[in-house]
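J.: Structure in C-alpha cells, see below.
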Amino acid sequence: MKRPAEAGPPLTSLGGQAAVRVAIVFLAVVAAGALIVVFKEILAPLVVATFLLLLIDALARDLDSRFPKIPRLARAISAGVLIVASFAAVIALLVFQGPPFAIEVRGVEPRLNMLLAMVTGMLGQTPFTIHEIFGHADPSVEFGHAFSAARGAITFAGLVMIFLGFLLASRAEFSSKMDRLYDGQHHREQARRVFNSIRNAVEDYVRLVTFKALLIAIIAFAVMELLGVEFALFVAFLVFLAAFVPIVGAFAGAAIPTLVALAQFGDLTKPAIIIGVLGVAVFAIDNILMPKLQGDELNIDPLLVLVSIGFWGLLLGATGALLSTPLTVTVMAIAAEFDGARWLAVLISKDGQPVKEAK
C-alpha cells in the first residue's frame, strides 16, 4: 500500500503568515511615522545632511571620470567644498534677503482685494476679501513672517553641518561595517544593491530636477529684470527651490514673482505678463522637454509622487516636500528587498518592477 504523499503547509497557514507580515510592516510604518513627527526637528537636518553627502559622492565620482590625473583626495575635497559652499550660499541668501522681501510681500494683500472686488463686480457678485477666503487669515502676512524669521535658517544650517561632519567621519568605515553586519555574502550583496539603487535614483532625480529648476529660474529672472521687478534674484531663487517640489512646485513657484509684481506695481499688466510667460515656460518644460530627458529613469507612479509631497511634507515640513521624491525612491528600494514589504515597492513603482540594476 502506497504511503500518501507528504502535504505541504496548509494554504490557510500560508495566508495567515502573509497577513501577519503585512500587518507587521503596516505597524512598523505607522510607528516610524510617529517617531519622525516627534523627532522632526532633529531628523530634518539629518535628512538634508545625508542628501548633501550623496551629492558630494556623486560630484566626486563625476570629477573622477572627467579629471583622472588629479589626485583622488583633491577631487573629493573639491566636491565637498563646492557642495558645502553652495549650501552656505543658499542659507546666506535666505538670511539677508528674506526680511526685506517679507516687507515687500505683505503689501500684496490690498492689491489682491482690489483685484477680487473688480472681478466680482464684473460678474455681478458680492465682493469678498482675502481674509474671508482664508478664514480671516492673511496668507501674505503669514508668508512674510516665514521670511522674517529666516535667520533661524542659521541654526538649521549649523545642525546640517554637524550631521554632515559625523557622516563624513563615519563614511570611511561604512563598507567594513556592512561586511560585518551580515554573515552571508547574499545579504551583503542585497544591502549593497539597496544602497546603489538609492544612490542612482537620487543622482538621476537631482540631475534632472536641478536642470529643470535652473531653466525655470533663469526665465523668471530674465522676465523680472526686463520688467523692473525688485528682488529679482531672490525671487528667482525661490522659483528655483519651488521647482524641486514635484508636479505642483513649478506652477506654485510661477505665482511668487506674479504676486511680487502685483504688490510692487499695483496694475495687472506686468503681473499678467509674468504669469503668462512663466506658465507657458513651465508647461513646455514639464510636458515637452522633461519627458524626453527623463524617460523612465524615475520609476515612480505619478499619483504616488503627488501623495508623497503631502506625506513627507506632513512628517518633515518643507524639507520633506522638497525631498519627497528621493525619500519615496528610498522607501521603494528598501521595500523591494523584503518579501513582506515588496507589495509596497510594487505599488510605488510606475511599471510594477521596483528593482533597477545599479549603474
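J.: Report those helices (runs of 4 or more DSSP H) wholly inside the stretch 220-290 carrying at least 2 residues which are of a type in the set (Phe, Trp, Tyr), on the phi < 0 side of the Ramachandran plot and touching a residue at least 60 places away in the same chain (Cβ under 8 Å). Explain how you work it out, then say what you get.
T.: Numbers: elements: 232-242, 249-265, 269-284.
Filter on the stretch 220-290 gives 232-242.
J.: Another one. Of the residues Ala191, Ala201, Ala213, Ala217, which is modelled with pLDDT of 90 or more and of a type in the set (Gly, Ala, Ser)?
T.: It is Ala217.
J.: Check the stretch 49-61 and report whether any residue there is modelled with pLDDT of 75 or more, under 16 Å from Leu164 (Cα atoms) and among the charged types (D, E, K, R).
T.: yes
J.: Pull up the stretch 268-277, narrow it to residues that are crowded, with 18+ Cβ neighbours inside 10 Å and not basic (Lys, Arg), then point me to the one that is nearest to Glu225 (Cα to Cα). I'd like the intermediate steps shown before the answer.
T.: Taking the stretch 268-277 first, the residues crowded, with 18+ Cβ neighbours inside 10 Å are 270-271, 274-275, 277.
Checking the rest, the ones that are also not basic (Lys, Arg) come to 271, 274-275, 277.
Values: Pro271: 13, Ile274: 11, Ile275: 14, Val277: 13 Å.
That would be Ile274.
J.: Return yes when Ala44 is modelled with pLDDT of 70 or more, in contact with a Ser or Thr (Cβ under 6 Å, 6 or more places away or on another chain) and either farther than 30 Å from Leu344 by Cβ or part of a helix (DSSP H, G or I) (or both) and no when it is not. Walk me through it before giving the result.
T.: Numbers: modelled with pLDDT of 70 or more: yes; in contact with a Ser or Thr (Cβ under 6 Å, 6 or more places away or on another chain): yes; either farther than 30 Å from Leu344 by Cβ or part of a helix (DSSP H, G or I) (or both): yes.
Yes: the conditions hold for Ala44.
J.: Just for the stretch 252-267: of the residues that are under 30 Å from Thr328 (Cβ atoms) and surrounded by fewer than 18 Cβ atoms within 10 Å (Cβ to Cβ), which one is nearest to the chain's Cα centre (by Cα)?
T.: Residue satisfying both the conditions and the ranking: Ala252.
J.: Would it be correct to say that Ile309 is at pLDDT 80 or above, touching a helix residue (DSSP H, G or I) at 6+ places or on another chain (Cβ under 6 Å) and over 18 Å from Ala220 (Cβ atoms)?
T.: Numbers: at pLDDT 80 or above: yes; touching a helix residue (DSSP H, G or I) at 6+ places or on another chain (Cβ under 6 Å): yes; over 18 Å from Ala220 (Cβ atoms): yes.
Considered against the rule, which asks whether it is at pLDDT 80 or above, touching a helix residue (DSSP H, G or I) at 6+ places or on another chain (Cβ under 6 Å) and over 18 Å from Ala220 (Cβ atoms), Ile309 comes out as yes.
The values are calculated or read from the model by the stated rules, or taken from the named source; none is laboratory data. Every value quoted in this text rests on a predicted model; they were computed, and no experiment measured them. When we count neighbours, we look across all protein chains shown, and the Cβ atoms used for this are built from the backbone with ideal geometry, even at glycine.
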